[in-house]
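Asks: Got a structure here, written out as structure tokens. Questions coming.
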């Protein structure tokens, strides 16, 4: 079983890209605080790379920004790459579900209302 669930804050704005085949993906990094504090009263933090593909990635890029709190459910994936002739390893979280946990501000509500208006509801189509 390969399952990861994390809640944290974005450390930078999401970066949307496309593969050479035109598939969208979004790279993000989140900081997750430790549950405990050390003897000096400091709380530790871990940083994780997150990748969201296709529509999920496009949605993350549209609505998330540095500092926003998010929940991510997904799986771990390791990869290798070469940098300056040295083989490097990286571990990413491949997002399967993302929840936006920072409440919307008034400015975001107005922005969303202008860009994504809800269609009117037809009372005849309601099942009750």
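The values are calculated or read from the model by the stated rules, or taken from the named source; none is laboratory data. Not measured: the values here are computed from a predicted model. Backbone-built Cβ (ideal geometry, glycine too); neighbour counts: all protein chains shown.
Asks: Would a scan of segment 73-92 turn up a residue that is assigned to a loop (DSSP other than H, G, I, E, B), modelled with pLDDT of 90 or more and more than 22 Å from the chain's Cα centre (by Cα)?
Replies: Within segment 73-92, one or more residues are assigned to a loop (DSSP other than H, G, I, E, B), modelled with pLDDT of 90 or more and more than 22 Å from the chain's Cα centre (by Cα).
Asks: Given the condition in contact with a strand residue (DSSP E or B) (Cβ under 8 Å, 6 or more places away or on another chain), more than 30 Å from residue 104 (Cβ to Cβ), modelled with pLDDT under 95 and assigned to a strand (DSSP E or B), answer yes or no: does some residue in segment 19-39 qualify?
Replies: Yes.
Asks: In the list 97, 111, 69, which residue meets the criterion of being under 21 Å from the mean Cα position of the chain (by Cα), surrounded by 14 or more Cβ atoms within 10 Å (Cβ to Cβ) and either within 16 Å of residue 9 (Cα to Cα) or modelled with pLDDT under 95 (or both)?
Replies: Sole residue among the options that is under 21 Å from the mean Cα position of the chain (by Cα), surrounded by 14 or more Cβ atoms within 10 Å (Cβ to Cβ) and either within 16 Å of residue 9 (Cα to Cα) or modelled with pLDDT under 95 (or both): 69.
Asks: What residue, among those in segment 2-47 that are in contact (Cβ under 8 Å) with a residue 60 or more places away in the chain and surrounded by 15 or more Cβ atoms within 10 Å (Cβ to Cβ), is nearest to residue 76 (Cα to Cα)?
Replies: That would be 4.
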